[in-house]
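Here the structure is laid out as structure tokens; the discussion comes afterwards.
Only the coordinates and a few stated rules stand behind these numbers; no lab work does. Because the structure is a prediction, the values reported are computed rather than measured. Neighbour counts are summed over all protein chains in view; Cβ atoms, including those assigned to glycine, are modelled from backbone coordinates with ideal geometry.
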Amino acid sequence: MGYFRETIEKMEGYTPGFQPKNPDAVKLNTNENPYPPSPKVLEAIRGIRDFQVRRYPDPMGGAFHQAASEVFDLPEDHVLCVNGGDELLNYAFRAFCDADRPAAWAEPTYSLYPVLARLQDCRAIQIDRNEDSLEELARINAPLTIVCNPNAPTCDFTPVDKIAELASRLEGVLLVDEAYVDFAQDNCLRLVRDFANVIVLRSMSKGYSLAGMRAGLGFAQPTLIEGLVKVKDSYNIDAVTITAAAEALRDQAYHKDCVAKIIAERSRMIGELRKMEIAVPDSTTNFVLAQSIQMPAEKLFKLLAERDIYVRYFKLPGLEDKLRITIGTPEQNDQLLRAIKEILSRE
Ligand SMILES: Cc1ncc(COP(=O)(O)O)c(C=O)c1O
């Protein structure tokens, strides 16, 4: 008998993006924010008192929980603080899925979903992403349906009224993964008030520069929040993250400024890449999905990595010919653009 459950023995784990040791590498591979967090975050972390480290933290996330409730204008019983959005996804599979209760979503999307389904021994109903996919998801009516909006890695945004219609037709839970919504024009938070089956996921990793802290949020009506609390780790948010995430949320002016800079750079990057005959659809996220006509994506990815410039390549159906590029600072983006130009001119 092996040590592991058969599922674990046989499955591939999730492959996280490469984390280069060199802090000066041009790191555009995991959709982090290129700007530092609000100065108030670092100041608050420096002010952490010994008892905050010695004692267990507030099980619901204390100051982080309160700040999220105020900033997003929903009562505290509608808010779940999580150790990164990934943790909420984990909890959703644990809470709603098993061998008899499948999860459904449209591909391509976030490559963690199938891994979590596998871990939970639940069937993953993966349909093709096209203009009919919401209709099909409604017909499938799975115990857990996930819609990533804006979708990663395709960068497009599904209008909120279409997602509302899907919510109204589903008997199971609809989880709207809004990890990138800070860079879009609209969001689904208002659906939480209208629908008992909707969970909205937010990440503090992208718009708030806290990827290293691991902070995220789930919003839903109290019945769903109470059920998710049953499956969560008792003290899932540590004291330092609670402090940092609360400050980051309260400094909305800083957050909005960073987001505006990234959105401006996104337009410039898309324009510049298109000039090099790289196909890039419009984006509502902090990254773009680029397809070079001239060079296979994997080759371009490797040649960039040789120059200490990291983007993301997925060897997955529908993505093998594309690179996902995070929007960095203007300087980082210029380095990337110069490198691509140079590589392609040598072809
Ligand atoms: C689509 C999507 N959802 C959720 C997450 C989770 O983000 P985090 O756990 O950093 O909050 C990510 C992270 O890359 C993502 O791409």
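Which one of PRO153, PRO108, PRO20 has the biggest mean-square fluctuation once the chain is modelled by GNM with Cα springs under 10 Å?
In this elastic network of the chain, the residue with the biggest mean-square fluctuation among PRO153, PRO108, PRO20 is PRO20.
Specify the residue with the greatest mean-square fluctuation among GLY62, GLY85, GLY318, computed from a Gaussian network of the chain linking alpha-carbon atoms under 10 Å apart.
GLY318
Please work out the FRET efficiency for the pair MET295 and PHE51, using the Cβ-Cβ distance as r and a Förster radius of 51 Å; give the result to the nearest 0.05.
That pair, MET295 with PHE51, gives E of 0.35.
Give, as ranges by residue number, the residues of the stretch 55-81 whose backbone N falls under 19 Å from the point 7 Å along Cα→Cβ of SER234.
55-62, 81, by backbone N distance to the label point.
From the backbone phi of the stretch 257-273, what are the Karplus-calculated ³J(HN,Hα) couplings (6.51 cos²θ - 1.76 cosθ + 1.60, θ = phi - 60°) in whole Hz, Gly and Pro given as x?
Listing the rounded values in order: 5, 4, 4, 4, 5, 5, 5, 5, 5, 4, 4, 5, 4, 4, x, 5, 5 Hz.
Would you mind classifying the stretch 1-86 by shape? Square roots of the alpha carbon gyration tensor eigenvalues, ordered a ≥ b ≥ c; an a/c under 1.5 is rounded, otherwise it is prolate if a/b is larger than b/c and oblate if not.
Taking the square roots of the gyration eigenvalues as a ≥ b ≥ c, the stretch 1-86 is oblate.
Pull up all non-local amide H partners of ILE125: gap of 5 or more, or a different chain, and H-to-H distance under 5 Å with H placed in the peptide plane.
ALA103, ALA104, TRP105
I'd like to know how the stretch 155-236 sits against the 2.2 N^0.38 Å rule of thumb: what's its Cα Rg over that expected value?
Here the answer is 1.15, to two decimals.
Could you tell me what percent of the DSSP beta bridges with both partners in the chain are antiparallel, to the nearest 5?
The antiparallel proportion sits near 45 percent.
Whole-Hz ³J(HN,Hα) for each residue in the stretch 49-62, computed from phi via Karplus 6.51 cos²θ - 1.76 cosθ + 1.60 with θ = phi - 60°, x for glycine and proline: what do you get?
Residue by residue, the stretch 49-62 yields 8, 4, 5, 5, 8, 6, 8, 5, x, 4, x, 9, x, x Hz.
Can you compute 3J(HN,Hα) from phi for each residue in the stretch 178-190, using the Karplus curve 6.51 cos²θ - 1.76 cosθ + 1.60 with θ = phi - 60°, rounded to whole Hz and x for Gly and Pro?
Ordered by residue, 3J(HN,Hα) equals 9, 4, 10, 5, 4, 9, 10, 8, 9, 7, 9, 4, 5 Hz.
For the chain, what is the mean residue ellipticity at 222 nm derived from helices alone (per DSSP H run of n ≥ 4: -39500 (n - 2.57); sum divided by total residues; nearest 500 deg cm²/dmol)?
Value at 222 nm, helices only, nearest 500: -12000 deg cm²/dmol.
Under the classification rounded if a/c is under 1.5, otherwise prolate if a/b is larger than b/c and oblate if not, where does the chain fall, given a ≥ b ≥ c as square roots of the Cα gyration tensor eigenvalues?
oblate
Using the crude model of +1 on Lys and Arg Cβ and -1 on Asp and Glu Cβ, and no other charge, please compute the dipole size for the stretch 39-251 relative to its Cα centre, in debye to 20.
Result for the stretch 39-251 is approximately 660 debye, rounded to the nearest 20.
Work out how much length PHE4 to LEU337 would gain on full extension: take 0.36 nm times their residue separation and subtract the Cα-Cα distance, in nm to one decimal.
In short, 115.3 nm is gained.
For SER267 and GLU131, compute 0.36 nm times the residue count separating them, minus their Cα-Cα distance, and round to one decimal in nm.
Contour length minus Cα-Cα distance gives 46.5 nm.
Who wins for biggest fluctuation among PHE183, PHE96, PHE72 in a Gaussian network model of the chain, springs between alpha carbons below 10 Å?
The residue that fluctuates most here is PHE72.
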